[in-house]
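Structure record follows, encoded as structure tokens.
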DNA sequence: GTGAAAGCGCTAACAC
DNA sequence: GTGTTAGCGCTTTCAC
């Protein structure tokens, strides 16, 4: 049987089944309240299957005003945090019949252009924003364009729906874990404060230390990358009484800490325990192996999709906090102080 | 001034400029051979600007049969190799006025479903495939669907256009670099042979060793991840005469090697020099810092876009090999044998 | 139960 | 130089 040269249209299916286009359309979408005999229904499905019919997206979009696609606006996916969120979101979207379009937001001119292209294209129903700093104009832009959106791993008072993890809980567990090992002088390498989780993490870390009547923790603010971890370590060590254990706000920062510690002749964990936020397979292969707080990033992405769909339906869901508890994974970079 | 409640259409622009839809359309697309007075032209542009007009993608697609979007089918972007290719491709596509849609191909059922959704959606003009193993049916599928495609970082005799780097050159430079340090017994942790670059790398590595009259190198085949590196190291060390220096086919493998070496009490670089394929910022922070062969991955992605567009235009370009030379970046994980 | 027809926003062939 | 018109493939209202 020779290949069909052009993609089959609804008309072709209808013709093959001996019905009208509208009948075919209703049956294939099983539109509510459609009255078509079981037998015709079967004929239509069979014809569609045989011809390999797939509805043509643009045509359907034009007719319905909906596209079945959502955009993910995230910081560069070279950062595994965001890649994981993206994957979780894409998986969930797929389950619900939505395509995802990723627009990387590196904060530069080119990203911005790409982003506007996607937003203005008329090819998406809504946006999941994971890149917005607190002073980003993205929420306003989307509001002005009348595009539904949710924020993920960020929150904004302007956001119609923010989807977040219990960052404070992670920070508290981190403190408790390190204290459980016997540490009392703790340090934290926080992320930039224009990102809401950084602020929460810092506050929770500090207040948990107070609750436990520990000495005031040393805290430094740094970018999320390896270099930030490196500078953070230098910072913390120059404190009057340097911490014996520290918690980083990103995996990459922890890598930077391990590298810098090794170069400085600081032994981990004997001289310094290191606990990273977020867990990746690489943790098992770093030197020393890296203890982490595993966070439900994929679920976060999935929940963002659910929240966006709720917005589509006009539901006022408010904010979502992922219920999954963070999990400490103890490896070689943490121990009792002095060993 | 109150916001326009609904997105402006071409009709609105035409009305505002006092011309017909077709005039507006032609001017805004500056269609070839359009004769419209400079003055009307200006009026139309001005009206479009004022209203913030953006063509509606689906409508345009329906009318033209083209979408202005291309799909990127790549292995999970948690692998920085593919994330970098994706970024290069997206950047270039944007420059050329194309949107990109990323479909992760993790080789599982869910990815496959997502992929078919994208392919069948009618929302893309072509596909860049970077995930195909040699026995993948993806090329056939795309051919059957009549969707233009190119392979990137892979090659296939069936592919209409393969876009690759000079992997052999990287492998030769790796050998030369290690030999330059004084090593003679070399090892290589190759990637799975169902991926064409793995095969080329292995062959080039081996033949370069022969050219230099070195002892036959020890080669092991492993997955591209950290675990593959770990097992690869174990493998190589169990050789009759273990290599004093090795080249991995991925960055992650090298991380696995460093971790496993540390645990085995093997000193890098004194007991073993390690050179990784591909370079990432993290290399500066591993313990020890990791020597790498930097490869032009972003350019590879960009070139894939160019090649795909050539296919759109019916040009028979054949294969593309990125001209940028690989670059050795010597760090702490390589040294003369025995130090 | 089923089908005819209008129209989503745009482009392009053609008429004026 | 500029406007009219016929679709692109689909959904959906409404009449039969």
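The values are calculated or read from the model by the stated rules, or taken from the named source; none is laboratory data. The structure displayed is predicted, hence computed values, not measured ones. With ideal geometry, Cβ positions are generated from the backbone for all residues, glycine too; neighbour counts draw on all protein chains shown.
Before moving on, here are some points about what is shown:
- Screening residue B:73 against (1) surrounded by 17 or more Cβ atoms within 10 Å (Cβ to Cβ); (2) more than 10 Å from chain A (Cβ to nearest Cβ); (3) over 20 Å from residue A:84 (Cβ atoms) leaves a single unmet condition, (3).
So that you can scan it fast, the table gives a plain yes or no per residue for (1) more than 20 Å from residue B:193 (Cα to Cα); (2) modelled with pLDDT of 95 or more; (3) within 14 Å of chain A (Cβ to nearest Cβ):
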| residue | (1), (2), (3) |
| --- | --- |
| B:244 | yes, yes, no |
| B:248 | no, yes, yes |
| B:254 | no, yes, yes |
| B:261 | yes, yes, yes |
| B:268 | yes, yes, yes |
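- Residue check for residue B:154: in a helix (DSSP H, G or I), touching a helix residue (DSSP H, G or I) at 6+ places or on another chain (Cβ under 6 Å), on the phi < 0 side of the Ramachandran plot and surrounded by fewer than 24 Cβ atoms within 10 Å (Cβ to Cβ): no
- Qualifying residue in the stretch A:91-104 (condition: within 16 Å of DNA strand D (Cβ to nearest atom) and loosely packed, with under 13 Cβ neighbours inside 10 Å): yes
- Residue match in the stretch B:323-337 (condition: more than 18 Å from the chain's Cα centre (by Cα), more than 29 Å from residue A:333 (Cβ to Cβ) and in a loop (DSSP other than H, G, I, E, B)): yes
- Some residue of the stretch A:104-114 being within 7 Å of another protein chain (Cβ to nearest Cβ), touching a strand residue (DSSP E or B) at 6+ places or on another chain (Cβ under 8 Å) and without any contact (Cβ under 8 Å) to a residue 12 or more places away in the chain: yes
A quick yes/no check of all residues on (1) modelled with pLDDT of 95 or more; (2) surrounded by fewer than 23 Cβ atoms within 10 Å (Cβ to Cβ); (3) part of a loop (DSSP other than H, G, I, E, B):
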| residue | (1), (2), (3) |
| --- | --- |
| A:184 | yes, yes, yes |
| A:187 | yes, no, no |
| A:192 | yes, yes, yes |
| A:198 | yes, yes, no |
| A:207 | yes, yes, no |
| A:210 | yes, yes, no |
| A:213 | yes, yes, yes |
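- Failed criterion for residue A:83 (all others in (1) over 30 Å from the mean Cα position of the chain (by Cα); (2) away from DNA strand D (no atom under 16 Å from the Cβ) hold): (1)
- Residue A:223 within 20 Å of the chain's Cα centre (by Cα), part of a loop (DSSP other than H, G, I, E, B) and surrounded by fewer than 24 Cβ atoms within 10 Å (Cβ to Cβ): yes
- Residue satisfying all of: in the stretch B:18-30; within 12 Å of DNA strand D (Cβ to nearest atom) and surrounded by fewer than 16 Cβ atoms within 10 Å (Cβ to Cβ); nearest to the other protein chains (Cβ to nearest Cβ) among these: B:21
- Taking the criterion of being touching a helix residue (DSSP H, G or I) at 6+ places or on another chain (Cβ under 8 Å) and either assigned to a loop (DSSP other than H, G, I, E, B) or modelled with pLDDT under 95 (or both), the only residue of the stretch A:302-319 that qualifies is A:317.
- Residue within the stretch B:31-53 that is within 10 Å of chain A (Cβ to nearest Cβ) and either in contact (Cβ under 8 Å) with a residue 40 or more places away in the chain or more than 12 Å from DNA strand D (Cβ to nearest atom) (or both) present: yes
- If you go through the stretch B:117-138 and keep only what is touching a residue at least 24 places away in the same chain (Cβ under 8 Å) and out of contact with any strand residue (DSSP E or B) (no Cβ under 8 Å at 6 or more places or on another chain), you end up with B:120, B:122, B:133, B:134, B:135.
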